[in-house]
1. At B:SER100, with labels set 7 Å past Cα in the Cβ direction, how many nm apart are the copies from this one, shortest first?
2. Please turn the phi angles of segment A:82-91 into ³J(HN,Hα) values with the Karplus equation 6.51 cos²θ - 1.76 cosθ + 1.60 (θ = phi - 60°), one per residue in order, whole Hz, x for glycine and proline.
3. What FRET efficiency comes out for the pair A:ALA85/B:ALA71, r = Cβ-Cβ distance, R0 = 35 Å, nearest 0.05?
4. Please return the longest stretch of chain A lacking exposed loop sites, where GluC sites (Glu not before Pro) count only if DSSP places them in a loop and at most 15 other Cβ atoms lie within 10 Å.
5. Rounded to whole Hz and in sequence order, give me ³J(HN,Hα) for segment A:101-108 from the Karplus expression 6.51 cos²θ - 1.76 cosθ + 1.60, θ = phi - 60°, writing x for Gly and Pro.
6. Under the rule that an exposed site lies in a DSSP loop and has at most 15 other Cβ atoms within 10 Å, name the longest stretch of chain A with no trypsin sites (Lys or Arg not before Pro) of that kind, not counting the sites themselves.
7. Quick one: 3J(HN,Hα) in Hz for segment A:114-129, Karplus 6.51/-1.76/1.60 with θ = phi - 60°, rounded, Gly and Pro as x.
8. Measure nothing but the geometry: give the 0 to 90° angle between the long axis through the Cα atoms of A:22-40 and the longest principal axis through the Cα atoms of chain A, rounded to 10°.
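The values are calculated or read from the model by the stated rules, or taken from the named source; none is laboratory data. On a predicted model such as this, the values are computed, not experimentally measured, just so you know. Heads up, the Cβs are rebuilt from the backbone with ideal geometry, glycines too, and the neighbour counts pull from every protein chain shown. Please note that ligands, DNA and RNA were not included when accessible areas were found on the heavy atoms of the full protein model with its side chains. Shrake-Rupley method; radii C 1.70, N 1.55, O 1.52, S 1.80 Å.
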Protein chains: 2
Amino acid sequence: MTDPFDIPAEPSDPQFDLSRFSPYRVALAAQLLSETLARVYRARFGLSIPDWRVMVHLSQSGRASVRDIEAKVVMEKSKVSRAAARLEGRGLIAKRQSESDKRLVDLTLTDAGQAMMDELLPLAAQFQRRIEAQLGTDFAGFDAALSRIIEAYHDSSL
Amino acid sequence: MTDPFDIPAEPSDPQFDLSRFSPYRVALAAQLLSETLARVYRARFGLSIPDWRVMVHLSQSGRASVRDIEAKVVMEKSKVSRAAARLEGRGLIAKRQSESDKRLVDLTLTDAGQAMMDELLPLAAQFQRRIEAQLGTDFAGFDAALSRIIEAYHDSSL
DNA sequence: ATAAACTTGTTGCAAATGCAACGATTTCTG
DNA sequence: CAGAAATCGTTGCATTTGCAACAAGTTTAT
């Protein structure tokens, strides 16, 4: 990927405003949304955000290895591994060595984990609807912009 | 309990898609942008992101207390305090007790710090222009949406 | 067939983080 | 004005994080 600063040079504004800097604004929005959600996850389900991401991914994919999750939800594999260990300890997921490739670990939700997600996912869907309502007509551009950013910077980073 | 691996794993809520969940997408975009920038800050200036935020805020405000920075850039005060200690150790900022209120600490850039920002800020401005170019017509809605999110969740969180 | 190279998941370790507690100061209240 | 309450910045502590190293397993190349 090209150097982030490698664009045609122009006279730079002497006035730089942090509060208008998009990377800062995105980080701030992410932090505020995460904190709001994390409070609910933790209070109602005892889940950290890494825990939550693993659970949600498993509820979608049905079965996944640590590596699958690492790639799909963009978390360090050690973070995934530790989340999986916690969740297994709580009986929310099951871990098994894969038959086809014994390096891999198959992760699946247990019945208890499935039950938790049946309760949790509607709340997440509700939150999503709330955000879309809050953003109104700006949501389309917002979502499109996120897609662009995620695609543009995906390979250049981990 | 049933063996989780006996059952062909089924997604519990086909309606919910993590990759479409806005809080997740914002967090991912923030992470990718932060990693891209953090590489540059660290490689070229030896600054972590907390360091960078403190430096940028000081270059704007000229003088600020830990409390000011905590509020403006939404970082824990201990994080600000430690960043300030690091930066003072490197001679990039100066710390002194405030005259008017002796609980406060006045933070200012040193000449060395100012020189670093004179080199750094044009790169940041360049990066901002690059993002705006990448997002094209979606940038307006994107930026408006960020404003709404930041405002809506600002008080409900920290 | 076999050694080298690579992949996967876990763990040790150092650094970063969040939170609470604290001393020092200032402001509030009666 | 005095005592209580609040604010500010730092620090101790436990937890979390990222990175590198590692064992176990698989693929590649000769």
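1. Distances between equivalent label points, in nm: 6.8.
2. So the J values, rounded to whole Hz, are 6, 4, 4, 5, 4, 5, 5, x, 8, x.
3. Numbers: r = 38 Å, r/R0 = 1.08.
So the FRET efficiency works out to roughly 0.40.
4. Numbers: sites that count: A:GLU76, A:GLU99.
Maximal segment without exposed cleavage sites: A:1-75.
5. For segment A:101-108, the Karplus curve yields 9, 6, 6, 7, 10, 7, 10, 9 Hz.
6. Numbers: sites that count: A:ARG90, A:LYS102, A:ARG103.
The segment A:1-89 is the longest one with no such site.
7. Computed from phi, the couplings for segment A:114-129 are 4, 5, 4, 5, 4, 8, 7, 4, x, 5, 5, 4, 5, 5, 4, 4 Hz.
8. Result, in degrees: 30.
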